[in-house]
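Only the coordinates and a few stated rules stand behind these numbers; no lab work does. Note that the structure is a prediction, hence the values are computed from the model and not measured. In this analysis, Cβ positions are derived from the backbone assuming ideal geometry, glycine residues included, and neighbour counts consider all displayed protein chains.
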């Protein structure tokens with residue numbers, strides 16, 4: 001189950017590492033919640049050797065009917081500030097070939113395929129194109145679908161309250 005600031009910092013470190021940003025152990029311990037916007041938190045840190053602070057927005061959620069099944073949803077800007085990425089950490093044991101489904105306000109918004117798995121879970125990632133970004137900003141609930149088997153899709157709701165505000169506050 002995903003919980004607590006230490007888990008958040010681990011996800012921040014993994015997200016940063018996967019985006020090409022390396023956070024040493026010292027920086028992982030110093031990350032802090034900068035602000036909260038609805039269900040979203042802005043978490044920032046200045047890694048050793050970096051000239052500026054690096055921030056992400058994120059939300060940790062657990063399936064309503066499966067306390068052992070959680071996701072971390074992270075939004076970050078690329079180092080060159082030319083794109084935004086949505087990265088989702090799903091637990092080990094999900095069926096990888098089916099990918100991660102996304103519904104926003106009960107409308108199918110496609111799938112993201114898993115890129116890599118590590119000891120803490122498997123990562124799916126998409127570039128946030130303007131249309132998807134606008135849908136997330138105006139939506140009320142996203143549902144991420146993971147599969148335990150080809151027949152068993154499990155919907156995990158993510159509250160979009162505050163998404164637009166958090167995105168606007170993301171440095």
Could you tell me the distance between the Cα centroids of the range 40-116 and the range 130-163, to the nearest Å? 11 Å
Ranked from fewest to most other Cβ atoms within 10 Å of their own Cβ, 89, 96 fall in the order 96, 89
Here the FRET efficiency for residue 138 versus residue 117, based on Cβ atoms and R0 = 25 Å and rounded to 0.05, is 0.15
Mind ordering 152-162, 51-61 by average Cβ neighbours within 10 Å, highest first? 51-61, 152-162
